[in-house]
Amino acid sequence: MRPLPQSPPSSPACPRPSCTCTTWASASPRIVAELAARHPDSPVPRDPGDLARFFTFTDFAHFIDVYLATVGLLRTAEDVRMLTYEVARDLSAQRVRYAELTMTPYTSVVRGIPIEAYTEAIEDARVAAERDHGVVLRWIYDIPGESGLESADATLSYALDHRPEALVGFGLGGPEIGVPRAQFAPHFAAARAAGLHSVPHSGESTGPRSVWDALTLLGAERIGHGTSSVQDPHLLEHLAEHRIPLEVCPTSNIATRVVERLEEHPIRAMRDAGVVVTVNSDDPPMFGTTLGREYEIAALLLDLDEDGLADLALAAVDASFAPDDVAAGLRAEIRSYTAAFSAMQR
């Protein structure tokens, strides 16, 4: 593999066009510690060292347990508003211009936050973040699969009856084992009929069958992770032919033990099969990463030069649901950066 490409010192750092990640789990340790201090009865530690150990996972199931414990820190609409705004601030510091953040309103509503207050909180944070930091945010509401059909019914209601202005997608997260995709088909059909994009997680901790189910039963337009797709050549052909992107999160896959070693990550097999891949950060502070670091890892795993990295960034724009003017601006900025970088190498 060739050395990791670096930005020239005198040039602006390359923009990170877009990412998909979970809102609360994109919170930096600083934000998590602040929320833990607000709610000292929580099992989530406030000390940075203790917090790092808390975010060390034994497997995917353990990750879900830690995830749910940390979600318990969101107890008021102001908690939600603060978290969302601070996540956007941190994304801006990484030069992220646009992000589609996965939201799980059900876990906040069942803890006592009315959906009206939740919606107002995230929309107020979104508007303020774009004004203050120039980060454009869009929402994906996802069903927490472990909570079953009750959560699916509620999440669909939140999406249709309390739809925030920036909502673009409908997803499915949480554990895959024991959570068949078929049961959620009516919910995704209703969401798609209302104009929302289908973006479920599948094929992360289960085999390629769950990816097929996401495609055929849920009408998936993008697949979260889809790591096991490489086990089925026909599935890879289908994904490539229909240009259905896989949202790849290398560090996350290692942290949750979905992939044993980084060198074994299937992103290269996906790319070589012609599948559209985008690089994402998933739950970055929990996994000790950033979107920039994930691009660095992708550059190593895919042996990319500067033009290859630009193509990867452009693929993320193309796979996003960004407004046309935002997408056009992102493409222009990426191409401008690449041209400037190439000129400096001559």
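Once the Cβ-Cβ distance of residue 149 and residue 343 is raised to the sixth power relative to R0 = 51 Å, the FRET efficiency obtained is 0.35.
Placing pseudo-labels 7 Å out from each Cα toward the beta carbon at residue 116 and residue 95 gives an inter-label distance of 4.4 nm.
Put one equal scatterer on each alpha carbon of the chain, apply the Debye formula with no solvent term, and list log10 I(q)/I(0) at q = 0.07 1/Å to two decimals. Taken in order of the listed q values, log10 I(q)/I(0) reads -0.27. When its C-alpha radius of gyration is set against 2.2 N^0.38 Å (N residues), region 155-249 gives a value of 1.06.
Per-residue ellipticity at 222 nm, computed for the chain from helices alone with -39500 (n - 2.57) per DSSP H run of at least four residues, works out to -15500 deg cm²/dmol.
Comparing 87, 66, 110 in a Gaussian network model of the chain where C-alpha atoms under 10 Å apart are linked, the largest mean-square fluctuation is found at 110. Distance from the Cα centroid of region 82-129 to that of region 275-327 is 21 Å (rounded to whole angstrom). Of 245, 48, 284, the residue with the greatest mean-square motion in the GNM of the chain, using alpha carbon springs below 10 Å, is 48.
A short reminder: the numbers here are calculations on the coordinates, not readings from a lab. Owing to the predicted nature of the structure, the values given are computational and were not obtained by experimental measurement. Here Cβ is always computed from backbone atoms with ideal geometry, including for glycine, and neighbour counts include all displayed protein chains.
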